[in-house]
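A.B. asks: Structure incoming, see below.
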Amino acid sequence: MAKGRTIQRISNKKRGRPRVRFNFWFMVILFAIGFAACFVLYMVAANINESFFSEEFASISSEADSIKTAQTPSGSGTETTASSAEKPKAANPIASSAAVDASYLDSCMLVTDKTLLGMKTGYGFKYAVGSENLNAYNCATEKVETSSGVVMISEAVGLLKPTNVYLMLGSDLGTNSSDEMISSYVSLISNIRTASPDVNIYVLEYPPVITETETLTNEIVNDYNSKLLAMADRIGVYYLSSSLDLKSAEGALQEQYWSAETGSLSAAAFDLIKGYILTHTV
């Protein structure tokens, strides 16, 4: 008996399905055509709008700044130097203001060399530190006596925590280089800011001399004060022209503000400086 043959029929539907093949060169050509079209549109837009490129780059720069800001954590320890510090809230020299009550000095510290040592007591400052040995040249390293012990000025500010610090330094003027004195002043202020970041710092103008010498003239004093003012603006502290009313018409210290007995500024000068501080606050 003959074996039956099984006939398999190929579906017409399956036989008619097209075979899909990936053509690499077709994709390359398609990409090139798309790129060329975008480039043409980009160049047309650039020719129509003259500020096209500047706007584009500004946008890119803005986006980059935003990303950088977002990636920088708050308080990341970015170093802040005295020269790049935030500028004060008022222009220097500080202009006259309504007089504040003398109790304002309860929040203040006076730091001085021998120039204002007579104001350490009896003039209302809650804290006053200084000595005959202190001057502008050594102010960043010289130690002073305080209620917390013998410490550097910046340490005293950090320990005692005044709201405002008033600096009067310059007794070595005519002996040391004014540029070196200013450099030490900047170092001191930087150290104070490190110890007490929120303290308000005021630099008091150095007073004129009553009698000029070969090494110290009022021209030298004026030059030093100009550098102090420039320093205050540069590093962002307040500057008081506190010696303005001490000067005679010739620019020297008026006789009433000098004590021949003590060889220093008189009580009248101290009263004037105190009054000037109370009427020049921010």
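The values are calculated or read from the model by the stated rules, or taken from the named source; none is laboratory data. Predicted model, so just to flag it, every value in this text is computed and none were measured. We place every Cβ from the backbone using ideal geometry, glycine too, and count neighbours over all the protein chains shown.
A.B. asks: Kindly evaluate Tyr206 against the criterion of being of a type in the set (Phe, Trp, Tyr), in a loop (DSSP other than H, G, I, E, B), under 25 Å from Ser243 (Cα atoms) and touching a helix residue (DSSP H, G or I) at 6+ places or on another chain (Cβ under 7 Å).
C.D. replies: So Tyr206 fits the description; yes.
A.B. asks: Output yes when any residue across region 191-211 is in contact with a strand residue (DSSP E or B) (Cβ under 9 Å, 6 or more places away or on another chain) and loosely packed, with under 15 Cβ neighbours inside 10 Å, and no when none is.
C.D. replies: Yes.
A.B. asks: Thr211 - would you say it is over 18 Å from the mean Cα position of the chain (by Cα) and within 29 Å of Thr141 (Cβ to Cβ)?
C.D. replies: Spelling it out, it is not the case that Thr211 is over 18 Å from the mean Cα position of the chain (by Cα) and within 29 Å of Thr141 (Cβ to Cβ).
A.B. asks: Looking only at residues in region 142-172 that are assigned to a loop (DSSP other than H, G, I, E, B) and without any contact (Cβ under 8 Å) to a residue 40 or more places away in the chain, which one is farthest from Leu272 (Cα to Cα)?
C.D. replies: For region 142-172, the residue satisfying everything is Ser148.
A.B. asks: For region 79-95, indicate whether the set of residues that are touching a helix residue (DSSP H, G or I) at 6+ places or on another chain (Cβ under 7 Å), more than 19 Å from Ile273 (Cα to Cα), assigned to a strand (DSSP E or B) and modelled with pLDDT under 95 is non-empty.
C.D. replies: no
A.B. asks: When you check Gly124 against the structure, is it touching a residue at least 24 places away in the same chain (Cβ under 8 Å), closer than 19 Å to Ser242 by Cβ and surrounded by fewer than 18 Cβ atoms within 10 Å (Cβ to Cβ), yes or no? First the steps, then the outcome.
C.D. replies: On the way: touching a residue at least 24 places away in the same chain (Cβ under 8 Å): yes; closer than 19 Å to Ser242 by Cβ: yes; surrounded by fewer than 18 Cβ atoms within 10 Å (Cβ to Cβ): yes.
So Gly124 fits the description; yes.
A.B. asks: Hey, can you tell me all the residues within region 209-239 that are over 18 Å from Ala90 (Cα atoms) and in contact with a helix residue (DSSP H, G or I) (Cβ under 8 Å, 6 or more places away or on another chain)?
C.D. replies: Residues satisfying the conditions are Val209, Ile210, Glu212, Ile220, Asp223, Tyr224, Lys227.
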